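A.B. asks: Can you read through this structure? Questions will come right after.
The values are calculated or read from the model by the stated rules, or taken from the named source; none is laboratory data. Keep in mind it's a predicted model, so treat the numbers as computed, not measured. Because the Cβ atoms are built from the backbone with ideal geometry, glycine has one as well, and the counts that use them run over all protein chains shown. Calculation scope for accessible area: heavy atoms of the full protein, side chains included, ligands and nucleic acids excluded. Shrake-Rupley method; radii C 1.70, N 1.55, O 1.52, S 1.80 Å.
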Amino acid sequence: MIAESLYQELILEHYKHPQGRGLRDPYDAEVHHVNPTCGDEVTMRVKLGDGGKVEDVSYDGQGCSISQAAASVLHELATGSTVGHSLEVVEEFTRLMQGRGQVEPDEDVLGDAVAFAGVAKFPARVKCALLAWMAYKDAVARSSA
Amino acid sequence: MTDGMFDVDRIRKDFPILSRELPGGRPLVYLDSGNSSQKPAQVIATMREEMERHYSNVGRALHTLGAESTAAYEAARDKVAAFIGAPGRDEVIFTKNASEALNLVAYSFGNPTCDDERFRMGPGDEIVISEMEHHSNIVPWQLLAQRTGATLRWFPVTDEGRLDLSRLEELVNERTKIVSVVHQSNVLGTVNPVDGILARARQVGALMMLDASQSVPHRAVDVAALGADFVAFTGHKMLGPSGIGVLWGRHDLLSAMPPFLGGGEMIEAVWMDHSTFAPVPHKFEAGTPPIVEAIGLGAAVDYLTAVGMDEVLRHEHELTVYGLKALSEVPGLRIIGPTTAEDRGGVLSFTIPDIHPHDVGQILDDNFGVAVRVGHHCARPLHLRFGIPATTRASFYLYNTTDEIDALVRGLHHVQKVFG
């Protein structure tokens, strides 16, 4: 019953009821990222405000529960935060995902995203969890450019 | 195989991997043979014996081991030739897989070193494939069209998952140089009718190729009776190892075609300013071939022949009938492909509302040990045609049982519970 640790209730909840889904105006940058091996995709828009505030993260996409729930959790964590802080969370999330299940997650930094800890034990699914987060990093870089 | 009767329990004992346990004590339910098949002990033993007792390079070594390895390698060619009813053993080219076989033919067209009219290609010429092709029967032709300026055209697929041949006469016309279609779809299971397309191709002077990667392992295929010009298939889907594939082609065409890869053993003589080439099949087998793999494929052919391809087909047909009925009882499940077992192989692709195939496959594997394939199965245009990004695919072979289909259905009910 290994999958029980993968499909945490929080992930299923975000998959069934995604937060902040749908592309919105205005935005500073829009990116489209795909996962060619499985066809998952996400389009992401970022609107930044004064003092590095993240005013909105809007997205649309299709894919498995892991990739879609990861986008929803990212929206919740990043919107209203700052660029600096949200990128710290992205960094910690990436470290967790690439840790092959050996990394102890920092729950203070990750918040709800800690629910994805089990994904790190499934190498084939890590890229699903990272899809939206990498798109966000890219969109922020383009917004600030 | 007891008393000449097909006995799936007896067959399963020949496949060591089928009795292994997965982590957590789960039994293995392997429903992914359309992706790659498992190997019987006879194939494993043959390859082991070749490496332990006979191995050396083929064709060029004059010593005892060289002679033994060459004899075994060429005997594998004879076995494959007999298995597919090839009129001549020299028409069987060993490649590394079906993709290489398809590329080999595609690269024969529009090649300035070949002045045979049948292989000339340029702007105005046309290539016809279908919407149900595997990427390996799409991309080589796309690349050919890009190199030569020729036009790539497509047979559509009906909602039922059959080839739509209603525009056959318009799609295959006097501009067509080659028609290349799949014999049995790796997603839909559909077995395509060859005769009508071939008759039209002959009428307009076009060549015809079949991607038989999913048919040769599962039914008796006689290339002479089929009548096409080229047939490609691969060893690893038919109980053999990976790394070995086959191109069968008509001798006069193979002889007229330019070499594909240059290298050792494909030459007749080499000068500093030019080379002349060995006759087929060796013209197309540059470099040291996959020796042990070819011999392993020969053993796989022996195994399938002993079981009998008609028995394999009959067993898989029973599984397909059973599987179609069993899956129809899963709420909301939609089969992508024919919903009846006529002219159809044991490949069942499907979608379940609001649950992504990757999640289906993950839970089937983790909770039930059921191995299926999820994704677009290297047939993205076909999935786009049906307006879906991916499917879950269960594919059967001679060693599968109805109990395993029951395990799949139990797993799907659990998947629906998790996501309910």
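A.B. asks: Answer yes if at least one residue in segment B:339-346 is within 12 Å of chain A (Cβ to nearest Cβ) and of a type outside the set (Lys, Arg), and no otherwise.
C.D. replies: No.
A.B. asks: While we're here: Name the single residue that is modelled with the lowest pLDDT among those in segment A:24-36 being within 14 Å of chain B (Cβ to nearest Cβ) and closer than 18 Å to A:Tyr59 by Cα. Step through it out loud before you land on a result.
C.D. replies: The first filter runs over segment A:24-36 and keeps only residues within 14 Å of chain B (Cβ to nearest Cβ), leaving A:34-36.
When the remaining residues are screened for being closer than 18 Å to A:Tyr59 by Cα, the result is A:34-35.
Numbers: A:Val34: 92, A:Asn35: 87.
Only one residue tops the list, namely A:Asn35.
A.B. asks: Hey, another quick one. Which of the strands (runs of 3 or more DSSP E) found entirely inside segment B:74-191 contain at least 3 residues meeting this: open to solvent by less than 20 Å² (accessible area, probe 1.4 Å)?
C.D. replies: B:92-95, B:126-130, B:176-182
A.B. asks: Would you pick out the residues in segment B:199-222 that are open to solvent by 20 Å² or more (accessible area, probe 1.4 Å) and either touching a Gly at 6+ places or on another chain (Cβ under 8 Å) or of a type in the set (Val, Ile, Thr) (or both)?
C.D. replies: Correct list: B:Val204, B:Arg219, B:Asp222.
A.B. asks: All but one of (1) in contact with an Asp or Glu (Cβ under 9 Å, 6 or more places away or on another chain); (2) closer than 29 Å to B:Ile355 by Cα; (3) open to solvent by 40 Å² or more (accessible area, probe 1.4 Å) hold for A:Gln98, so report the exception by its number.
C.D. replies: Evaluating A:Gln98 over (1) in contact with an Asp or Glu (Cβ under 9 Å, 6 or more places away or on another chain); (2) closer than 29 Å to B:Ile355 by Cα; (3) open to solvent by 40 Å² or more (accessible area, probe 1.4 Å) leaves (1) as the failure.
A.B. asks: Mind checking whether some residue in segment B:259-266 is under 30 Å from B:Arg314 (Cβ atoms) and in a loop (DSSP other than H, G, I, E, B)?
C.D. replies: no
A.B. asks: Does A:Gly80 count as free of Cβ contacts under 8 Å to residues at least 40 places away in the same chain, open to solvent by 30 Å² or more (accessible area, probe 1.4 Å) and on the phi > 0 side of the Ramachandran plot?
C.D. replies: So A:Gly80 fits the description; yes.
Conditions (1) within 14 Å of chain B (Cβ to nearest Cβ); (2) within 17 Å of A:Trp133 (Cβ to Cβ), marked per residue:
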{"site": "A:Gln19", "(1), (2)": "no, yes"}
{"site": "A:Gly22", "(1), (2)": "no, no"}
{"site": "A:Cys38", "(1), (2)": "yes, yes"}
{"site": "A:Arg45", "(1), (2)": "no, yes"}
{"site": "A:Val57", "(1), (2)": "no, yes"}
{"site": "A:Val73", "(1), (2)": "no, yes"}
{"site": "A:Leu77", "(1), (2)": "no, yes"}
{"site": "A:His85", "(1), (2)": "no, yes"}
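A.B. asks: Given the conditions (1) away from chain A (no Cβ under 13 Å); (2) surrounded by 22 or more Cβ atoms within 10 Å (Cβ to Cβ); (3) part of a loop (DSSP other than H, G, I, E, B), which single one is not true for B:His377?
C.D. replies: (1)
A.B. asks: Checking the conditions here, which among A:Lys121, A:Lys137, A:Lys127 is of a type outside the set (Asp, Glu) and more than 14 Å from the chain's Cα centre (by Cα)?
C.D. replies: None of the other options fit; the residue is A:Lys121.
A.B. asks: Here's another thing I want to ask about it. Looking at B:Thr64, is it free of Cβ contacts under 8 Å to residues at least 24 places away in the same chain and closer than 25 Å to B:Ile267 by Cβ?
C.D. replies: Criteria not met by B:Thr64.
A.B. asks: Also, quick follow-up: Name every residue in segment B:384-403 that is within 26 Å of B:Arg219 (Cα to Cα), out of contact with any Lys or Arg (no Cβ under 8 Å at 6 or more places or on another chain) and either at pLDDT below 95 or assigned to a strand (DSSP E or B) (or both), in order of residue number.
C.D. replies: B:Thr391, B:Ala394
A.B. asks: With respect to the numbered conditions (1) within 15 Å of B:His358 (Cα to Cα); (2) modelled with pLDDT under 90; (3) facing another protein chain (nearest Cβ under 9 Å), which one is the sole condition not fulfilled by A:Gln62?
C.D. replies: For A:Gln62, the exception is condition (2).
A.B. asks: Shifting gears a bit: Does at least one position in segment B:20-40 carry a residue that is part of a helix (DSSP H, G or I), free of Cβ contacts under 8 Å to residues at least 40 places away in the same chain and open to solvent by less than 80 Å² (accessible area, probe 1.4 Å)?
C.D. replies: To start, the set of residues in segment B:20-40 that are part of a helix (DSSP H, G or I) comprises none.
No, segment B:20-40 contains no residue that is part of a helix (DSSP H, G or I), free of Cβ contacts under 8 Å to residues at least 40 places away in the same chain and open to solvent by less than 80 Å² (accessible area, probe 1.4 Å).
A.B. asks: Is there a residue in segment A:84-94 that is touching a residue at least 40 places away in the same chain (Cβ under 8 Å), open to solvent by 70 Å² or more (accessible area, probe 1.4 Å) and among the aliphatic types (A, V, I, L, M)?
C.D. replies: No, that holds for no residue.
A.B. asks: Here's something else I'd like to know. Does at least one position in segment A:1-19 carry a residue that is of a type in the set (A, V, I, L, M), loosely packed, with under 15 Cβ neighbours inside 10 Å and within 30 Å of B:Gly369 (Cβ to Cβ)?
C.D. replies: Going residue by residue through segment A:1-19, those that are of a type in the set (A, V, I, L, M) are A:1-3, A:6, A:10-12.
So of that shortlist, the ones also loosely packed, with under 15 Cβ neighbours inside 10 Å come out as A:1.
So of that shortlist, the ones also within 30 Å of B:Gly369 (Cβ to Cβ) come out as A:1.
Scanning segment A:1-19 turns up at least one residue that is of a type in the set (A, V, I, L, M), loosely packed, with under 15 Cβ neighbours inside 10 Å and within 30 Å of B:Gly369 (Cβ to Cβ).
A.B. asks: Looking at segment B:304-315, which of its residues are part of a helix (DSSP H, G or I) and open to solvent by 10 Å² or more (accessible area, probe 1.4 Å)? Full working, then the answer.
C.D. replies: So the first thing to find is which residues in segment B:304-315 are part of a helix (DSSP H, G or I), and the list is B:304-307, B:309-315.
Those that are part of a helix (DSSP H, G or I) and open to solvent by 10 Å² or more (accessible area, probe 1.4 Å): B:Thr305, B:Ala306, B:Val307, B:Met309, B:Asp310, B:Glu311, B:Leu313, B:Arg314, B:His315.
A.B. asks: So, B:Gly332, is that one surrounded by fewer than 15 Cβ atoms within 10 Å (Cβ to Cβ), at pLDDT 95 or above and either small (Gly, Ala, Ser) or in contact with a Lys or Arg (Cβ under 6 Å, 6 or more places away or on another chain) (or both) or not? Give the derivation first.
C.D. replies: Working: surrounded by fewer than 15 Cβ atoms within 10 Å (Cβ to Cβ): yes; at pLDDT 95 or above: yes; either small (Gly, Ala, Ser) or in contact with a Lys or Arg (Cβ under 6 Å, 6 or more places away or on another chain) (or both): yes.
Here the answer is yes, as B:Gly332 does meet what is asked.
A.B. asks: Scan B:Val360, B:Val370 and give me the residue that is facing another protein chain (nearest Cβ under 10 Å) and touching a helix residue (DSSP H, G or I) at 6+ places or on another chain (Cβ under 7 Å).
C.D. replies: Answer to the check: B:Val360.
A.B. asks: For segment B:364-400, give me each residue that is out of contact with any strand residue (DSSP E or B) (no Cβ under 9 Å at 6 or more places or on another chain) and farther than 14 Å from B:Asn35 by Cβ.
C.D. replies: Result: B:Arg380, B:Leu384, B:Gly387, B:Leu398.
A.B. asks: Separate question: Only one residue in A:Ala120, A:Ala129, A:Ala135, A:Ala115 is part of a helix (DSSP H, G or I), within 30 Å of B:Ala379 (Cα to Cα), in contact with a His (Cβ under 9 Å, 6 or more places away or on another chain) and not acidic (Asp, Glu), so which one is that?
C.D. replies: Unique residue meeting the criteria: A:Ala135.
A.B. asks: Give the residues of segment B:385-413 that are facing chain A (nearest Cβ under 10 Å) and open to solvent by 30 Å² or more (accessible area, probe 1.4 Å), sorted by residue number. Give the derivation first.
C.D. replies: Filtering segment B:385-413 for residues facing chain A (nearest Cβ under 10 Å) gives B:388-390.
B:Pro389 - this is the single residue of segment B:385-413 that is facing chain A (nearest Cβ under 10 Å) and open to solvent by 30 Å² or more (accessible area, probe 1.4 Å).
A.B. asks: I would also like to ask the following. Which one of these does B:Val58 not meet: (1) outside any loop (DSSP other than H, G, I, E, B); (2) surrounded by 12 or more Cβ atoms within 10 Å (Cβ to Cβ)?
C.D. replies: Every listed condition holds for B:Val58 apart from (1).
A.B. asks: To continue, here is another question. Limited to segment A:24-77, what total is found for residues that are touching a Phe, Trp or Tyr at 6+ places or on another chain (Cβ under 7 Å), under 17 Å from A:Gly111 (Cβ atoms) and open to solvent by less than 20 Å² (accessible area, probe 1.4 Å)?
C.D. replies: 5
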